[in-house]
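Notes follow the structure.
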Amino acid sequence: MSLADVRRRHRPAVLANQVRPADGWGLPCRAYLGFARPDPVAAAALAEIQSGVAEPALLAVPASAMHVMLVKLIPVWDEFDRPKDELWEQCGPEWLAALTEVAAGIRRFPLRFRQLAATDSAVIAVADEPNPFTALRRAVVPLLRTPGESSPGNLAHITLFRYATPLRDPAALLDRLAAMEFSVTVDVGDLLVVRETVFPCLDYDVLHRVPLAG
(Lines give C-alpha, C1' and ligand atoms only; values in the text may rest on other atoms or scores of the structure.)
Protein backbone atom coordinates (compact mmCIF):
# COMPACT_ATOMS: atom_id res chain seq x y z
CA MET A 1 0.00 0.00 0.00
CA SER A 2 1.38 3.40 -1.00
CA LEU A 3 1.05 6.72 0.79
CA ALA A 4 -1.61 7.73 -1.73
CA ASP A 5 -3.50 4.53 -0.94
CA VAL A 6 -3.37 5.26 2.79
CA ARG A 7 -4.66 8.79 2.30
CA ARG A 8 -7.42 7.62 -0.03
CA ARG A 9 -8.46 4.76 2.24
CA HIS A 10 -8.68 6.83 5.43
CA ARG A 11 -9.87 10.18 4.08
CA PRO A 12 -13.62 9.36 4.24
CA ALA A 13 -13.41 8.26 7.89
CA VAL A 14 -11.33 11.28 8.91
CA LEU A 15 -13.64 13.71 7.07
CA ALA A 16 -16.64 12.08 8.78
CA ASN A 17 -14.80 12.46 12.12
CA GLN A 18 -14.89 8.72 12.64
CA VAL A 19 -11.50 8.71 14.29
CA ARG A 20 -10.56 6.32 17.07
CA PRO A 21 -9.54 8.03 20.32
CA ALA A 22 -6.44 6.64 22.01
CA ASP A 23 -8.28 5.49 25.12
CA GLY A 24 -5.21 3.62 26.32
CA TRP A 25 -2.96 6.70 26.24
CA GLY A 26 -0.78 6.77 29.36
CA LEU A 27 -2.11 3.49 30.74
CA PRO A 28 0.11 0.61 31.91
CA CYS A 29 0.41 -2.11 29.31
CA ARG A 30 2.61 -4.96 28.21
CA ALA A 31 4.00 -5.58 24.73
CA TYR A 32 7.22 -6.78 23.14
CA LEU A 33 8.26 -4.89 20.03
CA GLY A 34 11.07 -4.52 17.53
CA PHE A 35 11.68 -1.04 16.15
CA ALA A 36 14.18 1.61 15.09
CA ARG A 37 14.41 4.84 17.03
CA PRO A 38 15.26 8.23 15.50
CA ASP A 39 18.40 9.89 16.80
CA PRO A 40 17.92 13.01 18.98
CA VAL A 41 18.41 15.42 16.06
CA ALA A 42 15.81 13.68 13.89
CA ALA A 43 13.41 13.34 16.83
CA ALA A 44 13.74 17.07 17.57
CA ALA A 45 13.01 17.86 13.91
CA LEU A 46 9.88 15.70 14.02
CA ALA A 47 8.79 17.44 17.23
CA GLU A 48 9.18 20.76 15.42
CA ILE A 49 6.84 19.48 12.72
CA GLN A 50 4.32 18.60 15.43
CA SER A 51 4.36 22.19 16.65
CA GLY A 52 3.10 23.34 13.24
CA VAL A 53 -0.07 21.22 13.39
CA ALA A 54 -2.83 23.12 15.21
CA GLU A 55 -5.68 20.80 16.19
CA PRO A 56 -6.84 20.52 19.82
CA ALA A 57 -7.98 16.91 19.45
CA LEU A 58 -4.45 15.64 18.80
CA LEU A 59 -2.17 14.04 21.38
CA ALA A 60 1.47 14.68 20.43
CA VAL A 61 3.72 11.65 20.78
CA PRO A 62 6.81 12.72 22.80
CA ALA A 63 10.15 12.61 21.00
CA SER A 64 11.32 9.90 23.40
CA ALA A 65 8.46 7.64 22.25
CA MET A 66 8.89 8.10 18.49
CA HIS A 67 9.90 5.00 16.56
CA VAL A 68 9.60 3.15 13.26
CA MET A 69 7.91 -0.16 14.04
CA LEU A 70 9.48 -3.22 12.46
CA VAL A 71 7.56 -6.04 14.10
CA LYS A 72 5.07 -6.55 16.92
CA LEU A 73 6.43 -9.62 18.64
CA ILE A 74 3.72 -9.64 21.32
CA PRO A 75 1.09 -6.97 20.54
CA VAL A 76 -0.05 -4.58 23.22
CA TRP A 77 -3.78 -5.25 23.46
CA ASP A 78 -3.93 -8.92 22.48
CA GLU A 79 -4.48 -11.53 25.18
CA PHE A 80 -3.04 -15.04 25.12
CA ASP A 81 -3.28 -18.32 27.02
CA ARG A 82 -0.36 -17.36 29.26
CA PRO A 83 1.16 -14.13 30.63
CA LYS A 84 3.06 -12.10 28.05
CA ASP A 85 6.28 -12.16 30.07
CA GLU A 86 6.14 -15.95 30.17
CA LEU A 87 5.50 -16.04 26.44
CA TRP A 88 8.51 -13.82 25.89
CA GLU A 89 10.74 -16.07 28.01
CA GLN A 90 9.68 -19.05 25.93
CA CYS A 91 9.79 -17.54 22.43
CA GLY A 92 12.09 -14.51 22.76
CA PRO A 93 15.41 -16.31 22.09
CA GLU A 94 14.10 -17.78 18.82
CA TRP A 95 12.77 -14.40 17.67
CA LEU A 96 16.01 -12.64 18.58
CA ALA A 97 18.08 -15.21 16.69
CA ALA A 98 16.01 -14.75 13.54
CA LEU A 99 16.09 -10.96 13.80
CA THR A 100 19.85 -10.92 14.43
CA GLU A 101 20.54 -13.17 11.46
CA VAL A 102 18.55 -11.02 9.04
CA ALA A 103 19.95 -7.74 10.42
CA ALA A 104 23.52 -8.97 10.02
CA GLY A 105 23.01 -9.10 6.25
CA ILE A 106 21.72 -5.53 5.88
CA ARG A 107 23.94 -2.45 6.04
CA ARG A 108 22.87 0.66 7.91
CA PHE A 109 20.75 2.98 5.83
CA PRO A 110 18.87 6.30 5.90
CA LEU A 111 15.10 6.71 5.97
CA ARG A 112 13.78 9.98 4.59
CA PHE A 113 10.46 11.38 5.80
CA ARG A 114 8.80 14.16 3.79
CA GLN A 115 5.04 13.63 3.99
CA LEU A 116 2.27 13.25 6.57
CA ALA A 117 -0.95 11.27 6.47
CA ALA A 118 -3.97 11.01 8.75
CA THR A 119 -5.44 7.57 9.41
CA ASP A 120 -8.48 6.81 11.52
CA SER A 121 -6.21 6.20 14.52
CA ALA A 122 -3.18 8.48 14.12
CA VAL A 123 -1.27 11.12 12.19
CA ILE A 124 1.91 9.61 10.78
CA ALA A 125 5.09 10.69 9.02
CA VAL A 126 5.68 8.30 6.12
CA ALA A 127 9.10 7.34 4.79
CA ASP A 128 9.85 7.57 1.08
CA GLU A 129 9.30 4.30 -0.75
CA PRO A 130 10.93 2.02 -1.71
CA ASN A 131 13.29 1.79 1.27
CA PRO A 132 15.40 -0.88 3.03
CA PHE A 133 13.26 -0.79 6.17
CA THR A 134 10.17 -2.05 4.37
CA ALA A 135 12.33 -4.72 2.70
CA LEU A 136 13.75 -5.69 6.09
CA ARG A 137 10.23 -6.06 7.49
CA ARG A 138 9.21 -8.28 4.58
CA ALA A 139 12.23 -10.48 5.26
CA VAL A 140 11.78 -10.71 9.03
CA VAL A 141 8.04 -11.15 9.57
CA PRO A 142 7.68 -14.52 7.77
CA LEU A 143 10.50 -15.97 9.90
CA LEU A 144 8.83 -15.20 13.22
CA ARG A 145 6.19 -17.52 14.59
CA THR A 146 4.51 -14.87 16.70
CA PRO A 147 1.22 -15.44 18.55
CA GLY A 148 -0.58 -12.41 17.13
CA GLU A 149 -0.53 -10.11 14.10
CA SER A 150 3.15 -9.20 13.85
CA SER A 151 3.25 -6.78 10.91
CA PRO A 152 2.53 -3.09 11.58
CA GLY A 153 1.54 -2.54 7.95
CA ASN A 154 3.23 -1.99 4.63
CA LEU A 155 4.67 1.50 5.08
CA ALA A 156 7.62 2.57 7.19
CA HIS A 157 6.23 5.37 9.34
CA ILE A 158 6.52 7.25 12.63
CA THR A 159 3.39 8.10 14.59
CA LEU A 160 3.39 11.80 15.51
CA PHE A 161 -0.13 12.15 16.93
CA ARG A 162 -3.01 10.11 18.23
CA TYR A 163 -6.55 11.34 18.81
CA ALA A 164 -7.87 12.42 22.21
CA THR A 165 -11.35 13.34 20.97
CA PRO A 166 -13.17 13.88 17.66
CA LEU A 167 -11.51 16.51 15.51
CA ARG A 168 -12.55 20.15 15.58
CA ASP A 169 -12.08 20.58 11.82
CA PRO A 170 -11.20 17.39 9.94
CA ALA A 171 -11.08 18.98 6.48
CA ALA A 172 -8.73 21.72 7.65
CA LEU A 173 -6.45 19.14 9.25
CA LEU A 174 -6.23 17.10 6.05
CA ASP A 175 -5.49 20.20 3.99
CA ARG A 176 -2.82 21.33 6.44
CA LEU A 177 -1.10 17.94 6.47
CA ALA A 178 -1.08 17.71 2.68
CA ALA A 179 0.45 21.19 2.35
CA MET A 180 3.28 20.74 4.86
CA GLU A 181 6.79 20.56 3.42
CA PHE A 182 9.70 19.11 5.37
CA SER A 183 12.55 16.61 5.12
CA VAL A 184 13.79 14.57 8.06
CA THR A 185 16.32 11.77 7.70
CA VAL A 186 16.55 8.94 10.23
CA ASP A 187 19.78 6.95 10.12
CA VAL A 188 18.99 3.30 10.89
CA GLY A 189 22.06 1.58 12.31
CA ASP A 190 20.46 -0.78 14.77
CA LEU A 191 17.14 -2.18 15.90
CA LEU A 192 15.79 -2.21 19.43
CA VAL A 193 13.81 -5.02 21.02
CA VAL A 194 11.80 -3.50 23.84
CA ARG A 195 9.20 -4.27 26.48
CA GLU A 196 6.53 -1.57 26.33
CA THR A 197 5.07 -0.70 29.75
CA VAL A 198 3.07 2.51 29.14
CA PHE A 199 1.04 3.03 25.95
CA PRO A 200 1.99 4.25 23.36
CA CYS A 201 5.66 3.60 24.16
CA LEU A 202 5.59 6.44 26.65
CA ASP A 203 7.74 4.13 28.75
CA TYR A 204 9.59 1.00 27.75
CA ASP A 205 12.63 -1.11 28.63
CA VAL A 206 15.29 -1.79 26.01
CA LEU A 207 15.96 -5.53 26.20
CA HIS A 208 18.29 -5.99 23.23
CA ARG A 209 20.07 -3.86 20.65
CA VAL A 210 20.47 -5.60 17.29
CA PRO A 211 23.08 -3.92 15.06
CA LEU A 212 22.91 -3.83 11.30
CA ALA A 213 26.01 -4.68 9.29
CA GLY A 214 28.58 -1.95 8.92
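Side notes on the structure shown:
- The residues neighbouring A98, those whose beta-carbon lies less than 15 Å from its own, together hold a net charge of +2 under the Lys/Arg +1, Asp/Glu -1 convention.
- Carbon plus sulfur fraction of accessible area for region 100-185, probe 1.4 Å, in percent: 49
- Ranking by accessible area, most exposed first, for L191, L15, L96 with a 1.4 Å probe: L15, L96, L191
- Computed from phi, the 3J(HN,Hα) profile of region 65-81 under the Karplus parametrisation 6.51, -1.76, 1.60 (θ = phi - 60°) reads 9, 5, 6, 10, 6, 9, 8, 9, 5, 9, x, 5, 9, 6, 10, 10, 7 Hz, with x in place of Gly and Pro.
- Accessible surface ranking for V140, V206, 1.4 angstrom probe, highest first: V206, V140.
- Electrostatic dipole magnitude of region 88-147 [Cβ: Lys, Arg +1; Asp, Glu -1; Cα centre; debye, to 20]: 280
- Modelled label reach - A178, point 7 Å along Cα→Cβ, region 7-26 residues with backbone N closer than 15 Å: 7-16
- The solvent-accessible area of E86, taken with every protein chain present and a 1.4 Å probe, is close to 100 Å².
- Nearest-10 value in Å² for the accessible area of T119, using the 1.4 Å probe: 20
- Largest first, the residues R168, R82, R108 sort by 1.4 Å accessible area into R168, R108, R82.
- Backbone phi angles across region 168-180, fed through the Karplus curve with coefficients 6.51, -1.76 and 1.60 (θ = phi - 60°), yield HN-Hα couplings of 6, 8, x, 4, 5, 5, 4, 5, 5, 5, 5, 8, 6 Hz in residue order; Gly and Pro are listed as x.
- Taking each residue as 0.36 nm, the span from E89 to E101 lengthens on full extension beyond its C-alpha to C-alpha distance by 2.4 nm.
- A cut-off of 5 Å between modelled amide H atoms, ignoring neighbours fewer than 5 places along the same chain, links A31 with E196.
- For Y32, net neighbour charge (Lys/Arg +1, Asp/Glu -1) across residues whose Cβ lies under 12 Å away: -2
- Rounded to whole numbers, the Karplus 3J(HN,Hα) couplings from phi for region 10-22 are 9, 4, x, 5, 5, 4, 7, 6, 9, 8, 9, x, 7 Hz, using 6.51 cos²θ - 1.76 cosθ + 1.60 with θ = phi - 60°, and x at Gly and Pro.
- Solvent-accessible heavy-atom area per residue, rounded to whole Å², over the chain at 1.4 Å: 47
- Counting charges near F182 (Lys, Arg +1; Asp, Glu -1) among other residues having Cβ under 14 Å from its Cβ returns a value of 0.
The values are calculated or read from the model by the stated rules, or taken from the named source; none is laboratory data. These numbers come from a predicted model, not from an experiment. Cβ: placed from backbone, ideal geometry, glycine included. Neighbour counts: every protein chain shown. Just so you know, the surface numbers come from the protein's heavy atoms only, side chains and all, with ligands and any DNA or RNA stripped out. Shrake-Rupley method; radii C 1.70, N 1.55, O 1.52, S 1.80 Å.
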